[in-house]
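Scroll down for the structure; my scribbles are underneath it.
Rule-based calculations on the coordinates, nothing more; no lab input. If you're wondering where the values come from, they're calculated on a predicted model, not measured in any experiment. Cβ placement follows ideal geometry from the backbone for every residue including glycine, while neighbour counts extend to all protein chains displayed.
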Amino acid sequence: DAGVTQSPTHLIKTRGQQVTLRCSPKSGHDTVSWYQQALGQGPQFIFQYYEEEERQRGNFPDRFSGHQFPNYSSELNVNALLLGDSALYLCASSRPQGREKGFGSGTRLTVV
Amino acid sequence: QQQVKQSPQSLIVQKGGISIINCAYENTAFDYFPWYQQFPGKGPALLIAIRPDVSEKKEGRFTISFNKSAKQFSLHIMDSQPGDSATYFCAASPYRASAGGTSYGKLTFGQGTILTVHP
């Protein structure tokens, strides 16, 4: 555990609903990234936030959006949920100018 | 060009043996290569990482070998133990600077290797 905390740990939603996942970075870290990990796959980059702005984005539709707050914590929002959005959502943080990313334990999202 | 290819998909090793996992990449902009270990229900945990200016890095029982010309890198686990049984991911990221500060690039992960170490 790298000190990154995510909530909730598990979540069940119905198709078409919206969901918000939360992440608190490790103390001293200012950059937050979100990843989606489907069962049996490696994590896929969704986007990265630094100085409250989205700095990079992966190949995810606009249904995926995020926010970073002044205290560096972050939210991931997913609208119009699809069955295929079921996955483990991971948050990673890194310190200023740091390459090492620490991951939280993730939020397991199940869409039914 | 953004892919990182990892092999094998699964690996079974006897206790005390050597586990070897290989990765290959195409994007020459990658300049940071970490390995992560993931247990069920947990997020990935950084094991060891290497930059392309060195060919090998060792930390305890874990060694990364890096071949820049071949664009390949591998993880060697010496004296493998049952507690090492987990899924291992290689990853790579490019350096990326943004105006007004420094923002490092995204991690691109391999598909993962499920390692089982038998007692």
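Can you give the mean number of other chain Cβ atoms that lie within 10 Å of the Cβ atoms in peptide B:36-45?
Average neighbour count from other chains, rounded to a whole number: 6.
At 25 °C and a viscosity of 0.890 mPa s, what translational diffusion coefficient does Stokes-Einstein give for the protein assembly as shown, taking Rh as the Kirkwood radius over Cα pairs? Give it in µm²/s as a whole number.
D = 135 µm²/s.
Quick one: if you stick a label point 7 Å off each Cα along the C-beta vector at A:D62 and B:I12, how many nm between them?
It is 5.1 nm.
Once you put a point 7 Å from the Cα of B:I20 and another 7 Å from the Cα of B:K68, both along the Cβ direction, what distance in nm separates them?
For the pair B:I20/B:K68, the computed spacing is 2.3 nm.
Residues of B:66-78, mean number of Cβ from any other protein chain within 10 Å of their own Cβ, rounded to a whole number?
0
Arranged from highest to lowest average of other beta-carbon atoms within 10 Å per residue, in what order do the peptides B:54-63, A:24-33, A:37-46 appear?
A:24-33, A:37-46, B:54-63
Net charge around B:I18, counting only other residues with Cβ within less than 12 Å of its Cβ (Lys, Arg = +1; Asp, Glu = -1)?
0
Using mean Cβ contacts within 10 Å as the protection proxy, how do A:49-60, A:80-91 order, highest first?
Answer by packing, highest mean first, reads A:80-91, A:49-60.
Measuring from a point 7 Å past the Cα of A:T9 along Cα-to-C-beta, which residues in the range A:29-49 have an amide N at less than 12 Å?
Answer for the range A:29-49: none.
Among the lysines in the protein assembly as shown, how many pairs, 8 or more places apart or on different chains, have alpha carbons under 22 Å apart?
Counting lysine pairs in the protein assembly as shown gives 21.
About the Cα centre of the protein assembly as shown, how large is the charge dipole given +1 on each Lys and Arg Cβ and -1 on each Asp and Glu Cβ? Please answer in debye to the nearest 20.
My answer is approximately 300 debye.
Using the Cβ atoms and a cut-off under 12 Å, what net charge is assigned to the surroundings of B:S65, where Lys and Arg are +1 and Asp and Glu are -1?
Values: positive: B:K57, B:K58, B:K68; negative: B:E56.
Surrounding charge for B:S65 is +2.
Mind giving me the nanometre distance, one decimal, between the label points for B:A29 and A:E52, set 7 Å out from Cα along Cα→Cβ?
2.8
What is the local net charge at A:L83, summed over the other residues whose Cβ is closer than 15 Å to its Cβ (Lys, Arg +1; Asp, Glu -1)?
That sum, taken over residues with Cβ under 15 Å, equals +3.
So if we plug the beta-carbon distance of A:T110 and B:Q3 into 1/(1 + (r/R0)^6) with R0 = 25 Å, what FRET efficiency do we get, rounded to 0.05? The partial results should precede the final answer.
Working: r = 28 Å, r/R0 = 1.12.
The calculated FRET efficiency here is 0.35.
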